[in-house]
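Engineer: Got a structure for you, questions after.
The values are calculated or read from the model by the stated rules, or taken from the named source; none is laboratory data. Not measured: the values here are computed from a predicted model. Cβ placement follows ideal geometry from the backbone for every residue including glycine, while neighbour counts extend to all protein chains displayed.
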Ligand SMILES: Nc1ncnc2c1ncn2[C@@H]1O[C@H](COP(=O)(O)OP(=O)(O)OP(=O)(O)O)[C@@H](O)[C@H]1O
Ligand SMILES: [Mg+2]
């Protein structure tokens, strides 16, 4: 049985589903079928099924070393951004009045709103003027700066919602301020911290603009390798590596969910 | 456990959040093992006082003593208190058992001992079955009891309860009220209890401090607060007394109260002669009163409303300058019709002379 009067709502819901999924996933579809397409040109019409391109990715020294650099940068940047981001979140939510609130939070969103190409170029120029050689560390720092606003947003939000009532209760129960931080405040923030860390790692892993300027020629992250391949030779290997990358990131997120017992994807 | 109970003394406490004083010159003393209720309207500074006692807020002036020890500048974790927030504030990432155990952590007890103590406390509040459940799965009354167990587990010197029952429905509230009162008495801990519900204060407390605008209007036993209030504010706030404005005079060693054209004989008054108010509880106002009611008036019924077992009647009394007097009587076969004129009255011993509000 169905109640009357819901028709327009049902149409709207179906429409939003179609628009939402269609526009988000639609553009990805050609990549998917090209990854399994036998044609040696990318992109090309469908010619037959093959796994050849995936084999090429896995055996490619270039892609594999790119992936390792990306993982190193991703982990380093995420760790650094977590320290920066969690500290900043506490400052924004619990700091003195002049540092607290919307204006301060907006200011800390700076790295997101300034075009990354400009940040990349500026860091490169500054480093060369100081005759400072940017290695892996430079890349990690730049990525950390870029991803920390996402961590600040999520962690500050959670901290705000959490309030200070529970901490007051804990202090009255005899725990010193620092003990409360480690037994209560941080454990309660764990889901927010883990989720934002996974998000930060993903953003760093797929980042192009910063890496483009700042990665030394012997340390190329995966997206840069893909970018250069794209300019030189267009083969379906590009599609295959993209699919693999998405798959690995999804897997890593799922693993983080299992290990840390938090919900990130839902 | 009783030997840990201590007296609590607040002296001239003032608190200012930056927009003028919220609490000014607040002083109170609670004997060991007694229950003090802070009763007052929303925003009068009740929670602020609790935060000062707990050390979550430093007063701008005044002192807090537990027994003879000055605690004014000690941090919360050195005060050995139990605090139960309005929101219960259970730690969501810990099980019920770990919540109760949390306060034992700083005591550096052996794990086995602290767990046993926590289980004992859960038994006291009948929550042993829920030891391994997370607080999000508890009902309001259950989290209430866990919060109480958690507050009592470290054997606090003083227990602070901030409107602990306000989030419960009426039936459960009554039951929890009785249960908590029984547990607190059994443990024998000095308790300060905040509420805006007069029933709650009257039924649980040894002493009630009626508060208004950051200060104590009146401090007395529940019986005196209800039966023998000294201030018009108390009389109106607790029990919703009728207040008749007038003047207290002494003539030939007898007290009389003059209101409008009427003069009433008063049994006793502990006020100086002068402007005052006469307070009468609605349930003491009788319709067509028996002979022992010495204060009698002709009155016209203005309004009648039904309140389950009771009916609330509003009368206009001409001889008191048209003053409205509220009576509350048990619903009987008798039906009063609005507009009818009757005689109303009360015993002179039920009329209390109170000080006018400043
Ligand atoms: N953190 C704060 N900053 C500024 N003013 C505050 C703060 N906390 C409370 N106040 C003010 O202090 C006054 C007393 O607050 P308090 O919380 O003690 O009231 P209360 O009696 O507990 O009220 P309720 O019954 O609503 O809980 C209020 O007028 C409130 O606006
Ligand atoms: Mg309050």
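Engineer: Within 16 Å of ligand 2 (Cβ to nearest atom) and within 26 Å of residue B:200 (Cβ to Cβ): which single residue out of B:81, B:56 fits that description?
Structural biologist: B:56
Engineer: Then there is this: When you scan the range B:1-25, how many residues do you find that are in contact with a strand residue (DSSP E or B) (Cβ under 7 Å, 6 or more places away or on another chain), under 21 Å from residue B:188 (Cβ atoms) and surrounded by fewer than 19 Cβ atoms within 10 Å (Cβ to Cβ)?
Structural biologist: Number satisfying all stated conditions: 2.
Engineer: Taking residue B:87 as the residue in question, decide whether it is within 12 Å of another protein chain (Cβ to nearest Cβ), out of contact with any strand residue (DSSP E or B) (no Cβ under 7 Å at 6 or more places or on another chain) and in contact (Cβ under 8 Å) with a residue 60 or more places away in the chain.
Structural biologist: Considered against the rule, which asks whether it is within 12 Å of another protein chain (Cβ to nearest Cβ), out of contact with any strand residue (DSSP E or B) (no Cβ under 7 Å at 6 or more places or on another chain) and in contact (Cβ under 8 Å) with a residue 60 or more places away in the chain, residue B:87 comes out as yes.
Engineer: For the condition closer than 25 Å to residue A:93 by Cα, in contact with a strand residue (DSSP E or B) (Cβ under 7 Å, 6 or more places away or on another chain) and at pLDDT 90 or above, what is the one hit in A:158, A:169? Don't jump to the end; show me each part of the working.
Structural biologist: Values: A:158 fails: in contact with a strand residue (DSSP E or B) (Cβ under 7 Å, 6 or more places away or on another chain).
Going through A:158, A:169 in turn, the sole match is A:169.
Engineer: Looking at residue B:271, is it surrounded by 21 or more Cβ atoms within 10 Å (Cβ to Cβ), touching a strand residue (DSSP E or B) at 6+ places or on another chain (Cβ under 8 Å), at pLDDT below 85 and under 30 Å from residue B:25 (Cβ atoms)?
Structural biologist: Taking the combined requirement at face value, the residue does not satisfy it.
Engineer: Of all the helices (runs of 4 or more DSSP H) wholly in the range A:100-176, which have at least 3 residues that are over 18 Å from the mean Cα position of the chain (by Cα), within 14 Å of chain B (Cβ to nearest Cβ) and surrounded by 17 or more Cβ atoms within 10 Å (Cβ to Cβ)?
Structural biologist: So the answer is A:165-172.
Engineer: Something else now. Can you find even one residue in the range B:99-110 that is within 16 Å of ligand 2 (Cβ to nearest atom), within 13 Å of chain A (Cβ to nearest Cβ) and at pLDDT 90 or above?
Structural biologist: Taking every residue of the range B:99-110 in turn, none turns out to be within 16 Å of ligand 2 (Cβ to nearest atom), within 13 Å of chain A (Cβ to nearest Cβ) and at pLDDT 90 or above.
Engineer: Okay, next question. Do we find a residue being closer than 10 Å to residue B:353 by Cα and loosely packed, with under 14 Cβ neighbours inside 10 Å anywhere in the range B:228-242?
Structural biologist: No, that holds for no residue.
Engineer: Right, next: Residue B:194 - would you say it is within 16 Å of ligand 2 (Cβ to nearest atom), under 27 Å from residue B:94 (Cβ atoms) and at pLDDT 90 or above?
Structural biologist: Yes, satisfied.
Engineer: Could you tell me whether any residue of the range B:144-160 is closer than 22 Å to residue B:6 by Cα and within 16 Å of ligand 2 (Cβ to nearest atom)?
Structural biologist: The answer is yes; a qualifying residue exists.
Engineer: Could you grab me the full set of residues in the range B:27-53 that are within 13 Å of ligand 2 (Cβ to nearest atom) and farther than 22 Å from residue B:218 by Cβ?
Structural biologist: Once the filter is applied, which keeps residues that are within 13 Å of ligand 2 (Cβ to nearest atom) and farther than 22 Å from residue B:218 by Cβ, the range B:27-53 yields only B:51.
Engineer: Could you list, in sequence order, all residues of the range B:26-60 that are surrounded by fewer than 17 Cβ atoms within 10 Å (Cβ to Cβ), within 16 Å of ligand 1 (Cβ to nearest atom) and more than 14 Å from chain A (Cβ to nearest Cβ)?
Structural biologist: Within the range B:26-60, B:41, B:42, B:43, B:60 qualify.
Engineer: Here's something else I'd like to know. Test residue B:82 against the criterion of being at positive phi and either facing chain A (nearest Cβ under 10 Å) or in contact with a strand residue (DSSP E or B) (Cβ under 9 Å, 6 or more places away or on another chain) (or both), and give yes or no.
Structural biologist: no
Engineer: Residues in the range B:197-211 that are within 16 Å of ligand 2 (Cβ to nearest atom) and surrounded by fewer than 18 Cβ atoms within 10 Å (Cβ to Cβ): how many?
Structural biologist: Matching residues across the range B:197-211 total 1.
Engineer: Another one. All but one of (1) at pLDDT below 90; (2) surrounded by fewer than 21 Cβ atoms within 10 Å (Cβ to Cβ); (3) within 12 Å of another protein chain (Cβ to nearest Cβ) hold for residue B:120, so report the exception by its number.
Structural biologist: (3)
To keep it simple, each residue is scored yes or no on (1) modelled with pLDDT of 90 or more; (2) more than 25 Å from the chain's Cα centre (by Cα); (3) outside the structural domain of residue B:211 (by TED's automatic domain parsing).
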site: B:36; (1), (2), (3): yes, no, no
site: B:41; (1), (2), (3): no, no, no
site: B:51; (1), (2), (3): yes, no, no
site: B:55; (1), (2), (3): yes, no, no
site: B:59; (1), (2), (3): yes, no, no
site: B:80; (1), (2), (3): no, no, no
site: B:84; (1), (2), (3): no, no, no
site: B:91; (1), (2), (3): yes, yes, no
site: B:95; (1), (2), (3): yes, yes, no
